[in-house]
Amino acid sequence: MSDNEAEETFGEEEDNAEEAGGEEGDEEVLGEEEEKLGEEEEVEEEEKVPDLALTEEHIAECLSLLCKTGDGLAHAYVRLDIHDRQLTDINILKSFIHLRYLDLSKNNLKDISCLSALTHLLTLKADYNMLTTVKLEEMPFLQVASFNDNKMKTLEGCSHPMLEHLSVNNNLISKVDTLEPAKLARLHTLELRGNKLTTTDGFNLPNLKNLFLAQNVITVIEGLDRMSSLTTLHMRGNQVKTLDGFTDGLQMLQYINLRENSVMDVKAEVPKLQCLPLLRAMVLSENPCTEEDDYRIEVLIALRKLERLDKEEYQEEERTEAEAIAEQRKEEANAENKEDVQQEEE
C-alpha cells in the first residue's frame, strides 16, 4: 500500500469514527429527550388526575368496628377502609377524631397532613399514592405505618413515639437523616426496600431489631455499631463489595442476607464477621465469591457457629471437614512461625 493510499484509508477510518461518534451523540441526545419527554408525560398524567374529595357518604359506607371512645363515655366506629377510590382530598377526616385504623391505599393523595388531627390512630396504611412526603405531626399512639410505593424523598413526619413498624418500600429515599431517633424508641422494624440509599449510615436506632434494605444502591456498610439490638439485616440486591463495617456493637445480629451483591473473596471478607457472636444464618448466593472452590467450607472455617448458609443447613460432615482444615492451617502457621524464629536466632 502506498503512502497516499494509507493516508486515504486512515482518513476514511477517522471519518467513520467521527460519524459513529456523531451517531452516538445523537443517540445520547435522543435518550435525554426521551427521558425528559417521559418526565413531562408523567407530570401531565399527574395533572390529569381529576380532583375527588372524600365525602361523608363515602365514609358512611366504609366505617366499621364499633368501640368505646377513649373516655369510655360513648361509642364510635374506629376503622375506615377507603382504599382504591381515586381520592385526592381527605380533609374531611379531620373531624373523625376517634379513628384508630385507617387504610388509604391506592388513591391519588399528595397530602395527608390533615391526619395529624387523628390523635387516636393506631395503624395507618397509605400505600400506592402520590406522596412526596408525609408531614405528619407527632401522633401519640400510632404503632404501624405503611407508605410503600409512593414518591417520597424524605422521611420527615415518620417519627412517632409509639411507632413499632415503619414501611417505606419502593420510594425515592436517598438519606435517612430526617428520622428522629429520640422519637422512635419503640421502633423494632424498618422497611426501606427499593429506594436510593447508598450507605447504611444514619440509622441511629439502638432498639431496632429488623432492618430491610434490599434493592437499594448501597455500596458501603457503615454506622451499624449504633444498632445494638439489631437481629436481622436484609440487604439483598445492593452493590456491597466488602464486609467492612460490621462491629462488635452488633451483639444481637443473627441473620444477614447479602444475596445479589458484589462480594468477591470469601477468605478476605467473611472473617470480618467473626465479631458477631450470635450470627447463625447468612445468605451470600449470587455473589462472585460463591464461585470459589469450597465456598461453603471456607465460610464455615471462618464462622464456626454458623448454622445455615444460603438457606441450607450445615451438615455434620461439613463441620468435620472445616475443623480438620482449620486445624491443619493452624499447625502449618505454627510451623512457619517456629521456622521464622529459628532463622532470626541464627
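The values are calculated or read from the model by the stated rules, or taken from the named source; none is laboratory data. Everything numeric here is computed off the predicted structure, so don't read it as measured data. Methodologically, a virtual Cβ is constructed for each residue, glycine included, from the backbone with ideal geometry; neighbour enumeration extends over all protein chains shown.
Some values worked out for this structure:
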| quantity | calculated |
| --- | --- |
| Selection within the range 54-76 - without any contact (Cβ under 8 Å) to a residue 40 or more places away in the chain and either among the polar types (S, T, N, Q) or part of a loop (DSSP other than H, G, I, E, B) (or both) | 54, 55, 64, 69, 71, 72, 73, 74 |
| Filter result for the condition that a residue is surrounded by fewer than 17 Cβ atoms within 10 Å (Cβ to Cβ), under 30 Å from residue 186 (Cβ atoms) and of a type outside the set (Lys, Arg), over 252, 235 | 252 |
| Residue selected from the range 119-171 under the condition among the polar types (S, T, N, Q) and buried (at least 22 other Cβ atoms within 10 Å of the Cβ), by the criterion farthest from the chain's Cα centre (by Cα) | 129 |
| Residue match in the range 213-223 (condition: modelled with pLDDT under 95, of a type in the set (A, V, I, L, M) and crowded, with 18+ Cβ neighbours inside 10 Å) | no |
| Test result for residue 191, of a type in the set (Asp, Glu) and buried (at least 19 other Cβ atoms within 10 Å of the Cβ) | yes |
| Only one of 85, 79 that is within 25 Å of residue 55 (Cβ to Cβ), without any contact (Cβ under 8 Å) to a residue 40 or more places away in the chain and in a loop (DSSP other than H, G, I, E, B) | 85 |
| Test result for residue 243, at pLDDT 95 or above, in a strand (DSSP E or B) and either touching a helix residue (DSSP H, G or I) at 6+ places or on another chain (Cβ under 9 Å) or of a type outside the set (Lys, Arg) (or both) | no |
| Helices (runs of 4 or more DSSP H) within the range 265-346 that include 2 or more residues aliphatic (A, V, I, L, M), under 28 Å from residue 250 (Cβ atoms) and in contact with a helix residue (DSSP H, G or I) (Cβ under 6 Å, 6 or more places away or on another chain) | 295-302, 316-345 |
